[in-house]
Amino acid sequence: MTSHFDNAPREPIRFAYWVPNVSGGLVISKIPQRTGWDAEYNRKLAQIAEEAGFDYGLTQIRFTAGYGAEYQHESVAFSHALLAATTRLKVIAALLPGPWHPTLAAKQIATISQLTEGRIAVNIVSGWFSGEFRAIGEPWLDHDERYRRSEEFIRSLRGIWTQDNFTFRGDFYRYSDYTLKPKPAQPLPEIFQGGSSRAARDMAARVSDWYFTNGGTPETIRAQVDDIRAKSAETGNHPRIGVNAFVIARDSEAEARAVLQEIIDHADPDAVKAFGHEVKNAGKASPEGEGNWAKSSFEDLVQYNDGFKTNLIGTPDQIAERILALKDAGADLALLAFLHFQEDVAYFGAHVIPRVRALEAARDRRAEAA
Ligand SMILES: Cc1cc2nc3c(=O)[nH]c(=O)nc-3n(C[C@H](O)[C@H](O)[C@H](O)COP(=O)(O)O)c2cc1C
């Protein structure tokens, strides 16, 4: 039997973009950004992205200001607004176990799924920002406890969405003969997860449809893919892989590199250091000391999710080649952030996606001939 995972390298790689629903863009830098966080900017961006060939938009959940993100729109409500403004794009709403309870989340998302013919998906984030939890009076669990709770959250969501008389006895959530009506539209909302530590990877191999990881080189992505594949062979669940990247695509490599330098030169050092300190609550706080941000330098931390490490910085040809290398390493999706979202997403759609598709087609022809 083949799974979607076995076939993945032959499927076109998918593209998602970070929805800038929090202020300040996706870099901790004072460089001027032509990116808005408001509804009007984002509706237009979603339409541009859909037209450009993007499959998904990913919203963020943030309850308090965090290192530049002074204003934050809530992710589920915002996702619905973007779905209402588009016709094909899928929108991934971020959910944070703790503030969210699976009962409410399952019902909210089922309704949005019904309203949008199944274009809503969810990203279960396990959290890194203890100060935020303190501010809203939520208990802050240890690293691996957060993932135990997230796994129960995902099992609860899936159980509620797929079963009548759902019964579940967890340490965090309990259900007795619960039947949700109506259930979500088909296809069921896909379940993504953010996080890359040992606990995150084990959770992915057990319950997630998609595993999102911070930026990295093809080698570091391959190591995570191999690790998950080994676990998946035991569990029978084969998550697809999404990799974060910050894209700077310009007509010349020198131009693109100059933009990167300018972003780093304008970094807000105190905010970057404070963010670096806080995220050590994530990957580095895991028992094995791996995971997101465990090995990030000051420059890496200027982009929230290590997106410079993926090196999608250069000409459209260079970027397309590097996306194919990521795909060879096992990536099924590239999750992308930009400096000036509307114009950069349009440029990416016009100049990079067609090159990626041409390279994929050439590769498929070679594979068929072989
Ligand atoms: C693609 C992606 C999206 C994320 N989105 C959010 C978010 O919206 N809000 C949030 O608090 N954390 C978010 N996170 C952080 C994760 O919840 C998690 O805390 C972090 O990746 C650390 O994981 P680790 O401890 O397994 O290394 C995201 C992470 C990734 C990779």
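The values are calculated or read from the model by the stated rules, or taken from the named source; none is laboratory data. Note that this is a predicted model, so its numbers are computed, not measured. Cβ sites come from the backbone with ideal geometry, for glycine too, and all protein chains shown count toward neighbours. When the accessible area is computed, the model is the full protein with side chains, heavy atoms only, and any ligands, DNA or RNA have been set aside. Shrake-Rupley method; radii C 1.70, N 1.55, O 1.52, S 1.80 Å.
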- Query: Looking at R169, R198, which is the one that is free of Cβ contacts under 8 Å to residues at least 60 places away in the same chain and either out of contact with any His (no Cβ under 7 Å at 6 or more places or on another chain) or of a type in the set (D, E) (or both)?
  - Reply: R169
- Task: Go through the residues of segment 217-228 one by one and say whether even a single one is open to solvent by less than 60 Å² (accessible area, probe 1.4 Å), assigned to a loop (DSSP other than H, G, I, E, B), under 20 Å from D306 (Cα atoms) and more than 11 Å from the ligand (Cβ to nearest atom).
- Result: yes
- From T315, T310, grab the single residue that is within 14 Å of the ligand (Cβ to nearest atom), touching a helix residue (DSSP H, G or I) at 6+ places or on another chain (Cβ under 8 Å) and at pLDDT 90 or above. T310
- Task: Looking only at segment 151-166, decide whether some residue is small (G, A, S) and either within 16 Å of the chain's Cα centre (by Cα) or in a strand (DSSP E or B) (or both).
- Result: no
- Taking segment 272-288, which residues are within 16 Å of the ligand (Cβ to nearest atom) and touching a residue at least 24 places away in the same chain (Cβ under 8 Å)? A274, F275, G276, E278, V279, N281, A282, G283, A285, S286, P287, E288
- Message: Criterion first (away from the ligand (no atom under 16 Å from the Cβ) and surrounded by 18 or more Cβ atoms within 10 Å (Cβ to Cβ)) does E50 satisfy it?
- Response: yes
- Scanning segment 91-115 for residues that are more than 16 Å from the ligand (Cβ to nearest atom) and open to solvent by 10 Å² or more (accessible area, probe 1.4 Å) gives H101, T103, L104, K107, Q108, T111, I112, Q114, L115
- Those residues of segment 206-227 that are under 17 Å from the mean Cα position of the chain (by Cα) and over 22 Å from Y17 (Cα atoms) come to a total of 1
- Query: What are the residues in segment 179-213 that are open to solvent by less than 10 Å² (accessible area, probe 1.4 Å), within 12 Å of the ligand (Cβ to nearest atom) and either assigned to a helix (DSSP H, G or I) or touching a Lys or Arg at 6+ places or on another chain (Cβ under 8 Å) (or both), if any?
  - Reply: A200, M203, A204, W210, Y211
- All positions within segment 297-306 that are touching a residue at least 24 places away in the same chain (Cβ under 8 Å) and either within 10 Å of the ligand (Cβ to nearest atom) or polar (S, T, N, Q) (or both): Q303, Y304, N305, D306
- Message: Take L141 and tell me if it is modelled with pLDDT of 95 or more and either within 11 Å of the ligand (Cβ to nearest atom) or open to solvent by 50 Å² or more (accessible area, probe 1.4 Å) (or both).
- Response: no
